[in-house]
Every structure is written in C-alpha cells, then in structure tokens.
Amino acid sequence: MSVDLETATHTPASTPAARPPLHSGDRLTRAEFARRYGLHPDIKKAELIDGVVYVASPVRHRQHGKPHSLLVGWIIAYAAATPGIDFSDNATVVLDFENEHQPDALLRLEPHHGGRSRVTGDDYIEGPPDLIVEIAASSAAYDLHDKKRVYARVGVREYLVAQAYEQRVDWWELHEGVFTPLPPEADGTLRSRVFPGLWLDPAALWAGDAAALLAALQRGLADPTHAAFVERLRVPPGEQR
C-alpha cells in the first residue's frame with residue numbers, strides 16, 4: 001500500500017505540464033497526491049484527508065509555532081525516559097488509500113508491543129500511530145472534524161488537539177470505535193492511558209511555561225504506572241504474551 005514518495009520527489013519538473021498544481025480542495029487518489037506533492041518542494045505541508053487535499057497556511061508564532069515546540073519537547077522528554085517507544089514530528093503517515101496525513105507530532109508502539117503502525121522501506125509511517133498530536137488555530141479547524149473522524153475510523157488510540165484561539169486542550173481515547181474525552185485529574189493534568197506517565201498541564205502550555213510543563217511530566221514519570229510500563233517494554237518480543 002506504500003507509495004515511494006522519495007521517487008516522486010525527484011521526478012523531473014522542467015515543463016509546466018510536468019508540474020500539475022496542488023491546491024486545497026483538490027480531490028485526488030493517494031498515489032496522485034503523493035506524485036504532485038513531490039513535484040512541489042515549495043509546499044511545506046499538505047495532507048490528503050478522505051481524498052481531499054489540504055494545503056497548510058503560513059504558520060504563526062504564538063498560535064502554532066510555540067505550542068508546537070512545547071508539545072514536541074514534552075513528547076521527546078517522555079520518550080527519553082521511556083525506552084522502546086518511537087516518536088516523530090511532522091512525518092508523513094499513510095493511513096489508507098484516501099488518507100495521507102502529516103501530524104504535528106506522534107508517539108507509536110512497535111507492532112510487537114501492540115502498535116498498529118510500521119515504518120516502511122521508504123521511511124514513512126504506515127498505519128495508525130498510537131497517539132497523534134495536532135495544534136489547531138481554533139475549534140473550527142479541520143483537525144477537530146475531518147481529521148478526527150478519519151483517526152477514529154482507522155484506529156488511532158489517542159488523539160490530542162491544542163486549540164490556540166480558545167486556549168483549550170482536548171484529549172480523546174478511542175473506545176469501541178468512538179473517541180471519548182479523557183477527563184482532567186484533580187490537579188488539572190490530562191493523562192494518557194496508552195502511555196502511562198505522559199501527563200500534560202494545559203495551563204502551563206498556554207502560559208508558554210516550559211519548566212512547569214516539564215515539571216508536570218516529571219510527576220507522571222515518577223508515577224509507579226510509568227515504571228511498570230517501561231518494564232513491560234523491556235521484555236524481548238519473543239518472551240511477550
């Protein structure tokens with residue numbers, strides 16, 4: 001099911017006919033989307049969601065760049081303390097024949113740990129990651145509508161969206177094919193159920209307080225559930241039950 005995007009990236013584009021346009025609203029197959037995206041190195045981010053192309057707008061600092069950086073740092077700090085999980089930032093994720101997304105960040109388990117995604121031979125992710133993180137300008141963004149429906153349908157286990165305009169974080173867990181909200185704890189943190197110890201302080205995120213954000217994560221990493229999770233990940237694949 002994987003398309004070699006690397007080959008598409010190096011397709012000659014010396015004439016206008018060799019570079020068909022790629023615009024938001026275009027309806028394309030995944031193969032044609034990959035081909036056109038590869039022909040437009042000037043487009044930094046485009047996604048195919050249920051067969052419809054979405055080309056990203058220029059990125060603002062406070063609305064996207066800063067919360068994006070904080071959440072990526074939060075994920076990297078968690079991964080550094082949790083050997084055996086994989087993470088990425090803006091990687092291409094192939095979900096099905098009409099969906100090729102580029103999430104702001106993700107965490108994934110390898111298949112021998114129960115994950116449903118894999119890294120393809122041409123170095124893209126195929127299949128649903130276990131946690132996807134998106135930064136949205138507002139609740140009107142497609143991240144909370146079209147993408148959310150796709151992620152639930154293909155089996156993404158958790159989905160987190162940070163909405164900059166509302167300064168709100170929604171974190172959902174997939175339950176019987178439907179995303180249900182993860183409720184905040186008494187201390188205001190949101191806590192992953194797929195990745196024990198991954199605790200988020202939304203107030204610290206919107207305050208731009210990296211120290212407070214990482215302090216909440218450190219409390220999660222000190223929780224016994226995280227130590228138990230790490231021990232489970234250390235079991236060699238052939239010895240797992």
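The values are calculated or read from the model by the stated rules, or taken from the named source; none is laboratory data. Worth saying up front: this structure is predicted, and the values here are computed from it rather than measured. With ideal geometry, Cβ positions are generated from the backbone for all residues, glycine too; neighbour counts draw on all protein chains shown. The protein model used for the area step is the full one, side chains on, heavy atoms only, and it has no ligands, DNA or RNA in it. Shrake-Rupley method; radii C 1.70, N 1.55, O 1.52, S 1.80 Å.
Taking the range 120-162 on its own, how many of its residues are part of a loop (DSSP other than H, G, I, E, B) and more than 30 Å from residue 236 (Cβ to Cβ)?
The first filter runs over the range 120-162 and keeps only residues part of a loop (DSSP other than H, G, I, E, B), leaving 120-124, 127-130, 137-141, 145, 155-157.
If we keep only those that are more than 30 Å from residue 236 (Cβ to Cβ) too, we end up with 137-141, 145.
Residues that pass the stated criteria total 6.
(1) more than 29 Å from residue 167 (Cβ to Cβ); (2) within 12 Å of the chain's Cα centre (by Cα): which one isn't true of residue 84, the others all being true?
Result: residue 84 fails condition (2) only.
Considering only residues that are open to solvent by 10 Å² or more (accessible area, probe 1.4 Å), closer than 20 Å to residue 48 by Cβ and assigned to a loop (DSSP other than H, G, I, E, B), which ones fall in the range 94-119?
97, 98, 102, 116
From (1) closer than 26 Å to residue 150 by Cα; (2) surrounded by fewer than 18 Cβ atoms within 10 Å (Cβ to Cβ); (3) of a type in the set (A, V, I, L, M), pick out the condition that doesn't hold for residue 200.
Unmet for residue 200, out of (1) closer than 26 Å to residue 150 by Cα; (2) surrounded by fewer than 18 Cβ atoms within 10 Å (Cβ to Cβ); (3) of a type in the set (A, V, I, L, M): (2).
Take the range 106-121 and flag every residue that is modelled with pLDDT of 95 or more and farther than 14 Å from residue 155 by Cβ.
107, 119, 120, 121
Could you grab me the full set of residues in the range 175-224 that are assigned to a loop (DSSP other than H, G, I, E, B) and among the charged types (D, E, K, R)?
Within the range 175-224, 176, 185, 187, 193, 201, 209, 223 meet the criteria.
I need the full set of residues from the range 137-161 which are touching a helix residue (DSSP H, G or I) at 6+ places or on another chain (Cβ under 7 Å) and buried (at least 23 other Cβ atoms within 10 Å of the Cβ), in order please.
Within the range 137-161, just 159 meets the criteria.
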